[in-house]
Amino acid sequence: MKKIYFCLFVFSLFLIPIVHATPLHNYYTLTLSILSYSKWASNQTPTLCVVEDNHTATLFSHYIKHYGYNYRVNNVIVNDVLKSNCQIVYFSSAIAVNQQRTLILNSSLTTNTLIFTENDSNCELGSSFCLYKKTEKVTFSINLDALTRSRIHIDPRVLLLARNSE
């Protein structure tokens, strides 16, 4: 019996090459946790658009499948974000802050769209949720203006979590 458990343990090590306890892992699980407190139309499968970061889009797809969430994931180029049908836009730290990104953050895209930005000191200028790494912990803050403009209902408990993490 011990041999079976040992074999299963060793086999499981090969099944989880993507899922490891790194700070990046926490960005994805934190984002998905926040999204789980979002209220979407009952017949709608929200689309999470990752901007110009195929690796992050792949990891989000993995976590969504692993945790059983109901989201579609697309990797989009920054020029196509405004034309895309995204309910969630995710800017990883892999994409540089530039004029196009600023235009997106200040555009009408913010209506019915939640925007997440990772490790950006100017995040509060347009993103709904700003994700930060503090020491070994990933935390977030909320831009209430952007969240209000998004018209997406977020459970108030998320607001309290952000307040406690600041």
Legend entry - Set of aspartates and glutamates with alpha-carbon distance to Lys65 below 20 Å, sequence-local pairs under 8 removed: Asp53
Inset, instruction - With a 10 Å radius around each residue's Cβ, average the other Cβ atoms per peptide and rank 31-42, 122-133, highest first. - result: 122-133, 31-42
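Whole number in Å², please: accessible area per residue of the stretch 24-67, 1.4 Å probe, ligands, DNA and RNA not counted.
Working: 2040 Å² over 44 residues.
For the stretch 24-67, the solvent-accessible area averages 46 Å² per residue.
The values are calculated or read from the model by the stated rules, or taken from the named source; none is laboratory data. Bear in mind that the values here come from a model prediction, so they are computed numbers and not experimental data. Please note: Cβ atoms are built from the backbone with ideal geometry, for glycine as well, and neighbour counts cover all protein chains shown. Quick note on the areas: whole protein, heavy atoms, side chains included, nothing else; ligands and nucleic acids left out. Shrake-Rupley method; radii C 1.70, N 1.55, O 1.52, S 1.80 Å.
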